[in-house]
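The values are calculated or read from the model by the stated rules, or taken from the named source; none is laboratory data. What you see is a predicted model, and the numbers here were worked out from it, not measured in a lab. Quick reminder, even Gly has a Cβ in these numbers, built from the backbone with ideal geometry, and neighbours come from all protein chains shown. Surface accessibility is based on the protein's heavy atoms, side chains included, excluding ligands, DNA and RNA. Shrake-Rupley method; radii C 1.70, N 1.55, O 1.52, S 1.80 Å.
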Amino acid sequence: MKDNIENNLINPNWAQHGYIQIYTGNGKGKTTASLGLAMRALGRNWKVLIIMFTKGGDNYGELNSFRELSPMIKDNLTIIQAGMDRVVYKSNATDEDRKEIQKGWEIAKSAIKNEEYQLIILDEANIAIDLGFIDVDEAVEIFKNKPKSMEIVLTGRNANQKIVEIAHLVSEINPVKHYWDTGVVARKGIEY
């Protein structure tokens, strides 16, 4: 332990350093985990940006909750939806999906460059990258050059290995058992 401290392998300013986090895997809970982190950061008076790639429309419980936050907390939160009002897969992706995702990505790049937020959550960004709607090499460069104190979180299945390599925290959520397997469909208040 002493050698690590002497060799500066332990960052003495870890509390002021922002990291890159990834929540990926085929299990349920990736977006939920990132939104819990957003609430924690907002509770500490952080400025938070959430960009919801591949998610348009108004039928998300979290959007209803965020609208009802106290004015002081709400002033620190920006939510951008960068998707159509449907779930996007490789089989149904369109040019309109690409355009919406690209709009969101431009906002993300600007926010990272301008240091507008302390926490940026790029919900379903892994999917947008997997679909080829966000260039992975550009994303790697943007993330590698982010402001040192900024925390960036990417969610979604199929995290690209290039992004995983530069991330500081990668959590893979795997389904052990899911009620969907018995025919239960997405439920308001639980899945959306």
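Note on the chain: helix-only mean residue ellipticity at 222 nm, from DSSP H runs of 4+ residues weighted -39500 (n - 2.57) and normalised by residue number, equals -10000 deg cm²/dmol.
The Rg/Rh ratio for segment 120-192 is 1.06, where Rg is the radius of gyration of the alpha carbons and Rh is the Kirkwood radius. R67 sits among other residues whose Cβ lies under 15 Å from its own Cβ, and their net charge, with Lys and Arg +1 and Asp and Glu -1, is -3. Value of Rg to Rh for segment 1-156, rounded to two decimals, is 1.01; Kirkwood radius and Rg both from alpha-carbon coordinates.
Here, P(r) means the percent of Cα pairs in each 5 Å bin from 0 to the largest distance; for segment 69-192 it is 2, 8, 18, 19, 20, 16, 11, 5, 1, 0.
For segment 137-192, the per residue solvent-accessible surface stands at 67 Å², with DNA, RNA and ligands left out and a 1.4 Å probe. How would you classify segment 71-115 from its alpha-carbon gyration tensor, with a ≥ b ≥ c the square roots of the eigenvalues: rounded for a/c under 1.5, else prolate if a/b is greater than b/c, otherwise oblate? The shape class here is oblate. Rolling a 1.4 Å probe over the protein heavy atoms leaves V164 with an accessible area of roughly 40 Å².
For the residue pairs K47/K90; K30/K109; K144/K177; K144/K188; K90/K188, the C-alpha atoms sit more than 30 angstrom apart in K47/K90; K144/K177; K144/K188. A Gaussian network model of the chain, with springs between Cα atoms under 10 Å, assigns the largest mean-square fluctuation among I50, I166, I120 to I166.
Over all other residues within a Cβ to Cβ distance under 9 Å of P147, the charged ones net out to +2, with Lys and Arg as +1 and Asp and Glu as -1.
Separation of segment 105-152 from segment 34-57 is 14 Å, based on Cα centroids. Taking the average, over residues, of other Cβ atoms within 10 Å as the packing measure, peptides 62-68, 155-161 rank 155-161, 62-68 from highest down.
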